[in-house]
Amino acid sequence: EAQVTQNPRYLITVTGKKLTVTCSQNMNHEYMSWYRQDPGLGLRQIYYSMNVEVTDKGDVPEGYKVSRKEKRNFPLILESPSPNQTSLYFCASRLASNEQFFGPGTRLTVL
Amino acid sequence: QQPVQSPQAVILREGEDAVINCSSSKALYSVHWYRQKHGEAPVFLMILLKGGEQKGHEKISASFNEKKQQSSLYLTASQLSYSGTYFCGTDNDYKLSFGAGTTVTVRA
(Lines give C-alpha, C1' and ligand atoms only; values in the text may rest on other atoms or scores of the structure.)
Protein backbone atom coordinates (compact mmCIF):
# COMPACT_ATOMS: atom_id res chain seq x y z
CA GLU A 1 0.00 0.00 0.00
CA ALA A 2 1.30 3.44 -0.98
CA GLN A 3 1.77 5.45 2.19
CA VAL A 4 3.72 7.89 4.31
CA THR A 5 4.50 6.65 7.80
CA GLN A 6 5.54 8.66 10.84
CA ASN A 7 6.80 7.59 14.23
CA PRO A 8 6.00 8.11 16.97
CA ARG A 9 2.36 9.12 16.64
CA TYR A 10 2.29 10.67 20.09
CA LEU A 11 5.17 12.02 22.15
CA ILE A 12 5.37 13.85 25.45
CA THR A 13 8.82 15.14 26.33
CA VAL A 14 10.55 17.78 28.43
CA THR A 15 12.26 21.00 27.43
CA GLY A 16 15.75 20.48 26.08
CA LYS A 17 15.63 16.74 25.49
CA LYS A 18 16.64 16.02 21.89
CA LEU A 19 14.13 14.07 19.83
CA THR A 20 13.69 12.73 16.31
CA VAL A 21 10.44 12.10 14.47
CA THR A 22 10.90 9.66 11.64
CA CYS A 23 9.16 9.82 8.27
CA SER A 24 9.24 7.27 5.50
CA GLN A 25 7.48 6.94 2.14
CA ASN A 26 7.27 3.96 -0.19
CA MET A 27 6.25 5.76 -3.40
CA ASN A 28 9.69 6.81 -4.66
CA HIS A 29 8.68 10.46 -4.37
CA GLU A 30 11.29 13.16 -4.93
CA TYR A 31 9.76 15.84 -2.75
CA MET A 32 9.23 15.53 0.96
CA SER A 33 8.14 18.13 3.51
CA TRP A 34 7.46 18.68 7.17
CA TYR A 35 4.58 20.84 8.39
CA ARG A 36 3.29 21.86 11.75
CA GLN A 37 -0.37 22.53 12.39
CA ASP A 38 -1.57 24.88 15.09
CA PRO A 39 -5.14 26.15 15.66
CA GLY A 40 -5.93 29.14 13.47
CA LEU A 41 -2.57 29.03 11.70
CA GLY A 42 -3.17 26.21 9.26
CA LEU A 43 -0.33 24.11 7.95
CA ARG A 44 3.01 25.84 8.10
CA GLN A 45 5.96 24.35 6.28
CA ILE A 46 9.07 23.73 8.37
CA TYR A 47 11.50 22.23 5.85
CA TYR A 48 11.27 20.60 2.46
CA SER A 49 13.51 18.43 0.33
CA MET A 50 13.68 18.17 -3.45
CA ASN A 51 15.80 15.03 -3.47
CA VAL A 52 18.54 13.20 -1.60
CA GLU A 53 20.91 15.63 0.11
CA VAL A 54 18.89 18.65 -1.10
CA THR A 55 16.87 20.46 1.56
CA ASP A 56 15.64 24.00 2.11
CA LYS A 57 13.89 26.05 4.76
CA GLY A 58 10.16 26.49 4.77
CA ASP A 59 8.25 29.23 6.55
CA VAL A 60 9.04 28.26 10.17
CA PRO A 61 12.42 26.45 10.29
CA GLU A 62 13.75 27.86 13.56
CA GLY A 63 14.47 25.16 16.14
CA TYR A 64 14.31 22.27 13.65
CA LYS A 65 16.76 20.26 11.60
CA VAL A 66 16.24 17.74 8.82
CA SER A 67 18.32 15.40 6.72
CA ARG A 68 17.69 13.43 3.53
CA LYS A 69 20.29 10.72 3.24
CA GLU A 70 17.97 8.27 1.51
CA LYS A 71 15.13 9.01 -0.87
CA ARG A 72 12.49 7.32 1.26
CA ASN A 73 13.37 8.85 4.66
CA PHE A 74 13.13 12.42 5.93
CA PRO A 75 13.54 12.66 9.71
CA LEU A 76 12.72 15.80 11.69
CA ILE A 77 15.10 16.60 14.52
CA LEU A 78 14.44 18.90 17.46
CA GLU A 79 17.83 19.44 19.10
CA SER A 80 16.49 21.32 22.12
CA PRO A 81 12.68 21.28 22.16
CA SER A 82 10.80 24.11 23.81
CA PRO A 83 7.12 24.40 24.81
CA ASN A 84 6.33 26.57 21.77
CA GLN A 85 7.12 23.54 19.60
CA THR A 86 4.12 21.71 21.04
CA SER A 87 2.10 21.02 17.92
CA LEU A 88 0.73 18.48 15.47
CA TYR A 89 3.36 17.57 12.88
CA PHE A 90 2.77 16.15 9.42
CA CYS A 91 5.26 14.66 7.03
CA ALA A 92 4.31 14.62 3.35
CA SER A 93 5.66 13.50 0.01
CA ARG A 94 4.86 13.99 -3.68
CA LEU A 95 6.08 13.94 -7.23
CA ALA A 96 6.33 17.22 -9.12
CA SER A 97 2.94 18.51 -10.31
CA ASN A 98 1.08 15.79 -8.46
CA GLU A 99 -0.90 15.30 -5.30
CA GLN A 100 0.83 15.38 -1.98
CA PHE A 101 0.39 12.46 0.40
CA PHE A 102 0.39 13.20 4.12
CA GLY A 103 1.46 10.95 6.94
CA PRO A 104 -0.94 10.31 9.85
CA GLY A 105 0.59 13.04 12.03
CA THR A 106 2.65 13.16 15.22
CA ARG A 107 1.23 14.96 18.22
CA LEU A 108 4.11 16.41 20.21
CA THR A 109 3.85 17.92 23.68
CA VAL A 110 6.88 19.66 25.19
CA LEU A 111 6.61 20.30 28.92
CA GLN B 1 5.00 32.86 2.43
CA GLN B 2 1.59 31.37 3.12
CA PRO B 3 -1.30 32.04 0.72
CA VAL B 4 -4.32 33.90 2.07
CA GLN B 5 -7.66 32.07 2.22
CA SER B 6 -11.15 33.47 2.65
CA PRO B 7 -13.55 33.11 4.28
CA GLN B 8 -12.22 31.63 7.50
CA ALA B 9 -15.41 29.70 8.07
CA VAL B 10 -18.71 29.02 6.35
CA ILE B 11 -21.90 27.26 7.46
CA LEU B 12 -24.13 25.70 4.83
CA ARG B 13 -27.32 23.70 4.65
CA GLU B 14 -27.27 20.59 2.52
CA GLY B 15 -27.68 21.49 -1.13
CA GLU B 16 -26.29 25.03 -0.82
CA ASP B 17 -23.23 26.32 -2.65
CA ALA B 18 -20.06 27.98 -1.38
CA VAL B 19 -16.86 29.45 -2.77
CA ILE B 20 -13.48 29.41 -1.05
CA ASN B 21 -10.83 31.81 -2.30
CA CYS B 22 -7.06 31.58 -2.20
CA SER B 23 -4.54 34.23 -3.20
CA SER B 24 -0.78 34.45 -3.29
CA SER B 25 1.70 37.29 -3.54
CA LYS B 26 4.04 35.15 -5.66
CA ALA B 27 3.82 33.70 -9.15
CA LEU B 28 2.54 30.16 -8.97
CA TYR B 29 3.34 26.97 -10.80
CA SER B 30 0.26 25.19 -9.50
CA VAL B 31 -2.43 25.32 -6.83
CA HIS B 32 -3.47 22.36 -4.68
CA TRP B 33 -6.67 21.89 -2.67
CA TYR B 34 -7.00 19.52 0.30
CA ARG B 35 -9.70 18.71 2.83
CA GLN B 36 -9.04 17.69 6.41
CA LYS B 37 -11.56 15.97 8.66
CA HIS B 38 -11.19 16.39 12.40
CA GLY B 39 -8.36 14.23 13.78
CA GLU B 40 -7.19 13.10 10.36
CA ALA B 41 -4.50 14.03 7.86
CA PRO B 42 -5.35 16.31 4.93
CA VAL B 43 -6.57 14.50 1.84
CA PHE B 44 -5.98 15.60 -1.75
CA LEU B 45 -8.91 17.05 -3.71
CA MET B 46 -7.51 18.75 -6.75
CA ILE B 47 -4.46 20.25 -8.42
CA LEU B 48 -4.61 23.04 -10.99
CA LEU B 49 -1.54 23.48 -13.11
CA LYS B 50 -0.26 26.50 -14.95
CA GLY B 51 -1.61 26.29 -18.45
CA GLY B 52 -5.02 24.96 -17.54
CA GLU B 53 -4.59 21.28 -16.75
CA GLN B 54 -6.55 19.97 -13.77
CA LYS B 55 -6.36 16.69 -11.90
CA GLY B 56 -8.58 15.53 -9.11
CA HIS B 57 -11.99 15.25 -7.60
CA GLU B 58 -14.97 14.69 -9.86
CA LYS B 59 -17.63 16.48 -7.86
CA ILE B 60 -15.74 19.52 -6.64
CA SER B 61 -14.53 22.14 -9.10
CA ALA B 62 -11.96 24.90 -8.95
CA SER B 63 -10.47 27.68 -11.02
CA PHE B 64 -6.97 29.11 -11.28
CA ASN B 65 -6.24 32.64 -12.48
CA GLU B 66 -2.49 32.57 -13.13
CA LYS B 67 -2.17 36.29 -13.79
CA LYS B 68 -3.92 37.28 -10.57
CA GLN B 69 -2.25 34.44 -8.64
CA GLN B 70 -5.64 33.40 -7.33
CA SER B 71 -7.68 30.22 -7.12
CA SER B 72 -11.23 29.46 -6.05
CA LEU B 73 -12.80 26.19 -4.92
CA TYR B 74 -16.50 25.72 -5.66
CA LEU B 75 -18.61 23.51 -3.41
CA THR B 76 -21.80 22.91 -5.36
CA ALA B 77 -24.93 21.26 -3.95
CA SER B 78 -23.08 20.57 -0.73
CA GLN B 79 -23.43 17.26 1.09
CA LEU B 80 -22.88 16.45 4.75
CA SER B 81 -19.63 14.75 3.77
CA TYR B 82 -18.24 18.08 2.55
CA SER B 83 -17.77 19.25 6.15
CA GLY B 84 -14.16 19.77 7.13
CA THR B 85 -11.33 22.24 6.83
CA TYR B 86 -10.20 23.12 3.32
CA PHE B 87 -6.65 24.16 2.59
CA CYS B 88 -5.22 25.65 -0.55
CA GLY B 89 -1.56 25.02 -1.27
CA THR B 90 0.50 27.19 -3.55
CA ASP B 91 3.38 25.60 -5.40
CA ASN B 92 6.22 27.99 -6.06
CA ASP B 93 9.42 26.33 -7.30
CA TYR B 94 9.34 23.10 -5.22
CA LYS B 95 7.93 24.79 -2.13
CA LEU B 96 4.30 23.91 -1.34
CA SER B 97 2.88 26.34 1.22
CA PHE B 98 -0.61 26.15 2.69
CA GLY B 99 -3.07 28.75 3.86
CA ALA B 100 -4.69 28.93 7.29
CA GLY B 101 -7.70 26.96 6.10
CA THR B 102 -11.45 27.45 5.70
CA THR B 103 -13.73 25.50 8.01
CA VAL B 104 -16.88 24.31 6.25
CA THR B 105 -19.84 23.02 8.22
CA VAL B 106 -22.71 21.46 6.30
CA ARG B 107 -25.93 20.96 8.25
CA ALA B 108 -28.92 18.80 7.38
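The values are calculated or read from the model by the stated rules, or taken from the named source; none is laboratory data. Here the structure is a predicted model, which means the values were calculated and not measured. A quick note on method: Cβ atoms are made from the backbone with ideal geometry, for glycine too, and the neighbour counts reach across all protein chains shown. Remember, those area values only see protein heavy atoms, side chains included, never the ligands or the DNA or RNA. Shrake-Rupley method; radii C 1.70, N 1.55, O 1.52, S 1.80 Å.
Before moving on, here are some points about what is shown:
- Burial of accessible area (probe 1.4 Å, heavy atoms of protein chains only) in the stretch B:62-108, relative to its chain alone, reaches at least 50 Å² for B:TYR94, B:LYS95, B:LEU96, B:PHE98.
- Between chain A and chain B, the total buried accessible area stands at approximately 1800 Å², from heavy atoms with a 1.4 Å probe.
- With a Förster radius of 35 Å applied to the beta-carbon distance between A:ASN98 and A:TYR10, the computed FRET efficiency rounds to 0.70.
- Peptides B:4-17, B:66-79, A:98-111, A:32-45 ranked from most to least packed give A:32-45, A:98-111, B:66-79, B:4-17, packing being the mean of other C-beta atoms within 10 angstrom over each peptide's residues.
- Whole-Å distance, taken between Cα centres, linking the stretch B:94-108 and the stretch B:1-78: 8
- Summary value for chain A: 36 percent relative contact order, contacts being C-alpha pairs under 8 angstrom separated by 6+ residues.
- Peptide A:16-28 shows a mean partner chain C-beta count of 0 within 10 Å per residue C-beta.
- Across peptide A:58-65, the mean count of Cβ atoms from other chains lying within 10 Å of each residue's own Cβ comes to 1.
- Förster radius 25 Å - calculated FRET efficiency between B:LYS50 and A:LYS57, Cβ distance, rounded to 0.05: 0.55
- The stretch A:53-95 - percent of accessible surface contributed by carbon and sulfur, probe 1.4 Å: 50
- Accessible-area composition of chain B, carbon plus sulfur, in percent [1.4 Å probe]: 47
- Calculated accessible area for the stretch B:27-81 comes out at 55 Å² per residue, all protein chains present (probe 1.4 Å; ligands, DNA, RNA ignored).
- Members of the stretch A:82-111 that become less accessible by 50 Å² or more once partner protein chains are added (1.4 angstrom probe, chain alone as reference): A:ARG94, A:SER97, A:GLU99, A:PHE102
- Probe 1.4 Å, protein heavy atoms only - accessible area per residue of chain A in square angstrom: 46
- If a spin label sat at a point 7 angstrom from the Cα of A:ASN28 along the line to its beta carbon, the backbone N atoms of the stretch A:87-111 nearer than 19 Å would be those of A:93-101.
- Most mobile listed residue (B:SER97, B:SER61, B:SER25) in chain B, GNM with C-alpha springs under 10 Å: B:SER25
- Remark on the stretch A:36-53: accessible area falls by at least 10 square angstrom from chain-alone to full-complex state for A:GLN37, A:GLY40, A:LEU41, A:GLY42, A:LEU43, A:ARG44, A:GLN45, A:TYR48, A:MET50, probe 1.4 angstrom.
- Projected over every direction and averaged, the convex hull enclosing the alpha-carbon atoms of chain B yields 6.3 nm².
- The listed peptides B:81-92, A:5-16, ordered by packing as a protection proxy, come out as B:81-92, A:5-16 (highest mean of other Cβ atoms within 10 Å first).
- For the residue pairs A:LYS65/B:LYS95; A:LYS69/B:LYS50; A:LYS71/B:LYS95; A:LYS17/A:LYS57; A:LYS18/B:LYS37, alpha carbon separations beyond 20 Å are given by A:LYS69/B:LYS50; A:LYS17/A:LYS57; A:LYS18/B:LYS37.
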